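Taking it in order: structure first as structure tokens, then the write-up.
The values are calculated or read from the model by the stated rules, or taken from the named source; none is laboratory data. Computed from a predicted structure; not experimentally measured. In this analysis, Cβ positions are derived from the backbone assuming ideal geometry, glycine residues included, and neighbour counts consider all displayed protein chains.
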Amino acid sequence: MSGVRYEGIEKRFEAFTALHALNLDIPDRTFLALLGPSGCGKTTALRILAGLETPTAGKVIIGDRDVTRLQPRDRDVAMVFQSYALYPHMTIADNIGYPLRIRNVDAATRAKKIAEVAQALEIDPLLDRHPRQLSGGQRQRVALARAIVRDPAAFLMDEPLSNLDARLRLSMRGEIKRLCHRLGATTIYVTHDQAEALTMADLVAVMRQGELQQLAPPADVYERPANRFVALFVGNPPMNVLRAEVSEQGIHVAGATVPIDGARHQRCLASAITELGIRPEDIRLAAPGSPGALSGEVYVVEPMGNETLVDVRFGDERVTLRAAKGFTAAIGSTLGVAFDAADACFFDSSGSTKVHRARNGEAG
Ligand SMILES: Nc1ncnc2c1ncn2[C@@H]1O[C@H](COP(=O)(O)OP(=O)(O)OP(=O)(O)O)[C@@H](O)[C@H]1O
Ligand SMILES: [Mg+2]
């Protein structure tokens, strides 16, 4: 296995720029999720690494080799696609062993590797079957087995779970994470699903319109989003964003004034804050009219089984909060909510995060 580096990778398709000077350093044995909405350039970035697309500018480094001009077969990477594309006329064993066969690996070594990989992925009882006799999840595991059978320098996966139903996606998500962990494989995993990125990755690269927004461990992307876009894209339900003004008294938001600690207050005053962000789990119910409480109107109440999501409206603004299971309130009734300014982050008019949430109550 090897680390992977994108150095100033740019990709233009005629007049359209799909990637703007992308710099990414992925250490050896790291699981990186490339996360972003449809069309932001995830697949393009992966195809450039695989050698299926030529960058307009920049370099791709795998280990200590500049592979920018190398053919796909000389790059020593294995790619798993969304459609797992097994050969229907071959047995599972032959499907898995195919990359070894085309590299002229002898039959005995091949059989040994196939058995090892199949056991690791718990598909060894299926080796004599054909793809049509397998479930979707089993086929996906065969596709993974075929990718890992020859110990590539890096694994590239482009939304490998998107063809599976919701339940299977959840279980495969854990399986792939375990597998990559055990193999110590450098993995670049493309997804538009923020939950997959947060749960599976060591590092998350959030992209938007061909530009990297943030590269950080999942907890940082969630707790300390670099900007409003990342804040809204990561987390479900998304972070609430409200107009905010700062004065000597505190933060003015949705008709209330919320106190804030000295150091962060000064930073907010100094940085032309226009909005604040607060996560649904950081908002609590409060008596309307109590100090610092925001008074609003119940927009909708959604029981989720384990908890209740409550939407509260303040004029033209709205927040979602997580309440306990069993919570009820009539649509249109008055509800008070409150939050600690220590749990909020603050954006300027460009959407950049100027003040992060406080860490463990410290100024942050
Ligand atoms: N061969 C091409 N010619 C022209 N434009 C292209 C080409 N390939 C991709 N694009 C454009 O580049 C942008 C990025 O495409 P890409 O496939 O990398 O997006 P993505 O992030 O993988 O999206 P999705 O989540 O929908 O798969 C899109 O606007 C796409 O239309
Ligand atoms: Mg794509």
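When ASP220 is tested against (1) touching a residue at least 40 places away in the same chain (Cβ under 8 Å); (2) in the same structural domain as ALA33 (by TED's automatic domain parsing), exactly one condition is not met: (1). Within the stretch 46-79, the residues that satisfy the criterion of being out of contact with any Leu (no Cβ under 6 Å at 6 or more places or on another chain) and within 10 Å of ligand 1 (Cβ to nearest atom) are ARG47, ILE48, GLU53.
Pull out all pairs, ordered by first then second residue, where Cβ-Cβ is under 7 Å, the residues are six or more apart or on different chains, the first lies in the stretch 38-59 and is under 14 Å from ASN23 (Cβ atoms), and the second is charged (D, E, K, R) and not in a loop (DSSP other than H, G, I, E, B). Matching pairs, first to second residue: ILE48/LYS11; PRO55/GLU10; PRO55/LYS11; ALA57/GLU10; GLY58/GLU7; GLY58/GLU10; LYS59/GLU7; LYS59/ASP66.
For the stretch 166-202, a residue qualifies if it is assigned to a helix (DSSP H, G or I), aliphatic (A, V, I, L, M) and more than 16 Å from ligand 2 (Cβ to nearest atom), and the qualifying residues are ALA166, LEU168, LEU170, MET172, ILE176, LEU179, LEU183, ALA195, LEU198, MET200. Taking (1) surrounded by fewer than 22 Cβ atoms within 10 Å (Cβ to Cβ); (2) within 16 Å of ligand 1 (Cβ to nearest atom) in turn, ALA197 satisfies each apart from (1). I need the full set of residues from the stretch 95-113 which are of a type in the set (D, E, K, R) and buried (at least 18 other Cβ atoms within 10 Å of the Cβ), in order please. Of everything in the stretch 95-113, those that are of a type in the set (D, E, K, R) and buried (at least 18 other Cβ atoms within 10 Å of the Cβ) turn out to be ARG110, LYS113. Checking each residue in the stretch 152-165 for being away from ligand 1 (no atom under 16 Å from the Cβ), touching a residue at least 40 places away in the same chain (Cβ under 8 Å) and outside any strand (DSSP E or B) picks out PRO152, ALA153.
Residues that are of a type in the set (A, V, I, L, M, F, W, C), at least 3 per element: which helices (runs of 4 or more DSSP H) completely within the stretch 208-314 meet that?
Once the helices (runs of 4 or more DSSP H) in the stretch 208-314 are filtered for at least 3 residues that are of a type in the set (A, V, I, L, M, F, W, C), what remains is 228-233, 262-270.
Report yes if ALA21 is under 23 Å from HIS192 (Cβ atoms) and assigned by TED's automatic domain parsing to the domain that holds ASP202, otherwise no. When the stated conditions are applied, ALA21 passes them. Among the conditions (1) hydroxyl-bearing (Ser, Thr, Tyr); (2) within 33 Å of the chain's Cα centre (by Cα); (3) surrounded by 18 or more Cβ atoms within 10 Å (Cβ to Cβ), SER295 misses just one, which is (2). Among (1) at pLDDT 90 or above; (2) in a strand (DSSP E or B); (3) not hydroxyl-bearing (Ser, Thr, Tyr), where does ALA115 come up short? Answer for ALA115: the failing condition is (2).
Rundown of residues vs (1) at positive phi; (2) at pLDDT 95 or above; (3) not basic (Lys, Arg), yes/no style:
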{"site": "SER2", "(1), (2), (3)": "no, no, yes"}
{"site": "ASP25", "(1), (2), (3)": "no, yes, yes"}
{"site": "LEU35", "(1), (2), (3)": "no, yes, yes"}
{"site": "LEU52", "(1), (2), (3)": "no, no, yes"}
{"site": "ILE61", "(1), (2), (3)": "no, yes, yes"}
{"site": "ARG65", "(1), (2), (3)": "no, no, no"}
{"site": "THR68", "(1), (2), (3)": "no, yes, yes"}
{"site": "PRO72", "(1), (2), (3)": "no, no, yes"}
{"site": "HIS89", "(1), (2), (3)": "no, yes, yes"}
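Here VAL300 fulfils each of the conditions (1) modelled with pLDDT of 95 or more; (2) closer than 26 Å to PRO225 by Cα apart from (2).
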